[in-house]
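**Q** Okay, here's the structure, questions in a sec.
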Amino acid sequence: MHRLARTGGTAELLRWLAWRAEGWAGIVGPDGTVLHAAARTAGAMVPDVAGLVAESASALAERGVQAYSVDTGEHTALLFPLSGFPQGGFPQSGLPQGGLSPHGGFPQGVGDPAAPVLAVVTPRPVAAGLATLLADVVLPLSLCLQAETLERKRRRVDLAESRSREAVLHLLMTGQLSIAQQVAGALRPRLPDPVRVCVVECSGDDRDEVARVCVDADGGRSWIVRCPVYARHLILVMPAEDAGEKAPEPGAAPTDETVAARVGDCVVGVSEPVPLADTATGYRQAFHALAVARELPTRYARFGVSPDPALVVGPAGRRWADELLNPLLTHVPRRAQDPGSQELLATATSWLAFSSHATDHLKVHRNTLAARLRLIGELLGLDLHRLADQSALDLALRVRATPAPACTPEVPSSAPPFPYASGTSQAAGGLDAILCRPAVRDWADQQLAPVLGAEETLRTWLRCEGRLGPTAAGLGISAPGARKRLTRLETVLQRSLLRPPSARYDLWLALRSRDLAAPRH
């Protein structure tokens, strides 16, 4: 019994009991519901066994006895409560004191009417010693059932904590810092500020084990979340070096290096230090660093220094972003159940970051996502099927999420106004004037410097809306060949291109800025 309890639990004990009883064994709830059951063979089942044990369990509860038996002529049903037996357990004989009563039941005692019941249905005559065996199995079976119940509750608690952490990350990613800190207050550790965001790509289904390694590596100082979009990713919101937290021991390796060293098949990307309010920017940086780390023997990389375009657009860029987003910010839904402006903003941000995976991030159906995107496009006057409009919306949302003092001061531009970008809607057309700013042109040159003079693949890919098949056709090569070229570009640019969050919006903006600055003929 104890071996089965350790190795197989309730299910194995019931199968063993059904085999020993040559019939049926199960656990029945106080209302007669069969919770677990096993039968030696299909033919061992008596007609309406569920009804028989339900009726017997009801009688046992009404009489308040420690055990109960009932005969049907061909079968005998034996029932024992799995809790409520006298303190100290049954005597060494295994039977309740006094043995069988002359009425076919066991002597009365103090029972627990809410306790589940062990029920066994066996052919008559009852095998010698079966009643003793059942009395003896009550304790290990009761412990197994309690342990399994506690394990289910533990899993529910773990799931609730995981979902709570995911909700906090979602709030951080959408800029709702105060609400995120309130929700996070009941969990540990507290949210650090400033932070580095780290993305760990695991192999297989070992995220839980890698999470334990991460906790051990940094002493539990990081906020660890299982990525809701990528099943193999862990997201760590770690204290930055200057966060004022208790630093690791002197000489200790950074968490990203330690995790990559301890877990031989994981890949780690880490962002620059960013304010907690800029967690979304930190995540994008860490994701781009992850694309670089896949090609490195060390399997970890930190994001290279590169300004965000939202920091160089100046006050004119902020005015442009406010004007573009105003119809969305002031949207009032017609019905209470329709999404409001904040929900639509979160949808746009998630979709631009994760593409079709936004359904996993937002926990919505793909039809719901499509309907919201149509509404967003209508409100803003954008064609969200076009990369040009996607890039404009992405920049506007990032500008809105950036504190105004962080923007580069306005520098008058001597460049004449340009017409709307090809394929860009009128609502986003003012973007060209922003891309002509000297600070933006400097940013664009920095972005494109690694591919200077070899931009054919990148331009073709962006012209084809970031789709692999049309890109391969435009380059006159196979789709695998185009994928290899883009993978090499990821390494050169130190950005993710093929998997969202992708750098394609930044690269489209950079190429557009360069094209606007080029002499026109």
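**Q** Is it the case that Arg504 is touching a helix residue (DSSP H, G or I) at 6+ places or on another chain (Cβ under 6 Å), modelled with pLDDT of 90 or more and either closer than 24 Å to Ala289 by Cβ or surrounded by 15 or more Cβ atoms within 10 Å (Cβ to Cβ) (or both)?
**A** So Arg504 fails the test.
**Q** Answer yes or no: is there a residue in the stretch 440-450 that is farther than 23 Å from Leu393 by Cβ, crowded, with 16+ Cβ neighbours inside 10 Å and at pLDDT 90 or above.
**A** No, there is no match, as no residue in the stretch 440-450 is farther than 23 Å from Leu393 by Cβ, crowded, with 16+ Cβ neighbours inside 10 Å and at pLDDT 90 or above.
Table: residues versus (1) in contact with an Asp or Glu (Cβ under 7 Å, 6 or more places away or on another chain); (2) farther than 28 Å from Arg6 by Cα; (3) at pLDDT 85 or above.
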residue	(1), (2), (3)
Leu118	no, no, yes
Leu134	no, no, yes
Leu139	no, no, yes
Ala147	no, no, yes
Val183	no, yes, yes
Leu191	no, yes, yes
Arg221	yes, yes, yes
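**Q** Moving to a separate point now. Could you check, for the stretch 321-344, whether at least one of its residues is among the acidic types (Asp, Glu), farther than 22 Å from Ala280 by Cα and free of Cβ contacts under 8 Å to residues at least 60 places away in the same chain?
**A** Looking for residues that are among the acidic types (Asp, Glu), farther than 22 Å from Ala280 by Cα and free of Cβ contacts under 8 Å to residues at least 60 places away in the same chain, one finds at least one in the stretch 321-344, hence yes.
Listed here are the residues, each with its yes/no results for (1) within 23 Å of the chain's Cα centre (by Cα); (2) of a type in the set (A, V, I, L, M, F, W, C); (3) part of a helix (DSSP H, G or I).
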residue	(1), (2), (3)
Ala261	no, yes, yes
Asp265	yes, no, no
Gly269	yes, no, no
Ala277	yes, yes, yes
Gly282	yes, no, yes
Leu290	yes, yes, yes
Pro297	no, no, no
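**Q** With the condition kept exactly as written, say whether any residue in the stretch 347-359 is farther than 18 Å from Leu395 by Cα, part of a helix (DSSP H, G or I) and among the polar types (S, T, N, Q).
**A** Within the stretch 347-359, one or more residues are farther than 18 Å from Leu395 by Cα, part of a helix (DSSP H, G or I) and among the polar types (S, T, N, Q).
**Q** Here are the criteria: (1) surrounded by 19 or more Cβ atoms within 10 Å (Cβ to Cβ); (2) over 37 Å from the mean Cα position of the chain (by Cα); (3) among the basic types (Lys, Arg). Tell me which single one Arg124 does not satisfy.
**A** Among (1) surrounded by 19 or more Cβ atoms within 10 Å (Cβ to Cβ); (2) over 37 Å from the mean Cα position of the chain (by Cα); (3) among the basic types (Lys, Arg), Arg124 violates only (1).
**Q** Taking Tyr300 and the conditions (1) crowded, with 19+ Cβ neighbours inside 10 Å; (2) in contact with a helix residue (DSSP H, G or I) (Cβ under 7 Å, 6 or more places away or on another chain); (3) at pLDDT 90 or above, which numbered condition does it fall short on, given that it satisfies the others?
**A** Condition (3) is where Tyr300 drops out.
**Q** A further question on this structure: With respect to the numbered conditions (1) open to solvent by 60 Å² or more (accessible area, probe 1.4 Å); (2) within 23 Å of Cys227 (Cβ to Cβ); (3) of a type in the set (Val, Ile, Thr), which one is the sole condition not fulfilled by Thr330?
**A** Checking Thr330 against (1) open to solvent by 60 Å² or more (accessible area, probe 1.4 Å); (2) within 23 Å of Cys227 (Cβ to Cβ); (3) of a type in the set (Val, Ile, Thr), the one that fails is (2).
**Q** Which one is surrounded by the most Cβ atoms within 10 Å (Cβ to Cβ) among residues in the stretch 165-214 that are of a type in the set (S, T, N, Q) and assigned to a loop (DSSP other than H, G, I, E, B)?
**A** Thr174
**Q** Filter the stretch 215-237 down to residues that are under 16 Å from Asp158 (Cβ atoms) and in a helix (DSSP H, G or I), then give me how many there are.
**A** 1
**Q** Taking Leu486 as meeting all but one of (1) farther than 21 Å from Leu393 by Cα; (2) part of a loop (DSSP other than H, G, I, E, B); (3) modelled with pLDDT of 90 or more, write down the number of the exception.
**A** (2)
**Q** For Arg495, all conditions in the list (1) surrounded by 18 or more Cβ atoms within 10 Å (Cβ to Cβ); (2) at pLDDT below 90; (3) farther than 20 Å from Asp383 by Cβ; (4) more than 32 Å from the chain's Cα centre (by Cα) hold save one; what is the number of the exception?
**A** Tallying (1) surrounded by 18 or more Cβ atoms within 10 Å (Cβ to Cβ); (2) at pLDDT below 90; (3) farther than 20 Å from Asp383 by Cβ; (4) more than 32 Å from the chain's Cα centre (by Cα), Arg495 fails exactly one: (4).
**Q** Within the stretch 147-161, does at least one residue satisfy the condition of being open to solvent by less than 70 Å² (accessible area, probe 1.4 Å), in contact (Cβ under 8 Å) with a residue 12 or more places away in the chain and touching a Phe, Trp or Tyr at 6+ places or on another chain (Cβ under 9 Å)?
**A** no
The values are calculated or read from the model by the stated rules, or taken from the named source; none is laboratory data. All values reported here derive from a predicted model rather than from experimental measurement. Using ideal geometry, Cβ is built from the backbone for each residue, glycine included, and neighbour counts are taken over all protein chains shown. Ligands, DNA and RNA are excluded from the accessible area calculation, which covers all protein heavy atoms including side chains. Shrake-Rupley method; radii C 1.70, N 1.55, O 1.52, S 1.80 Å.
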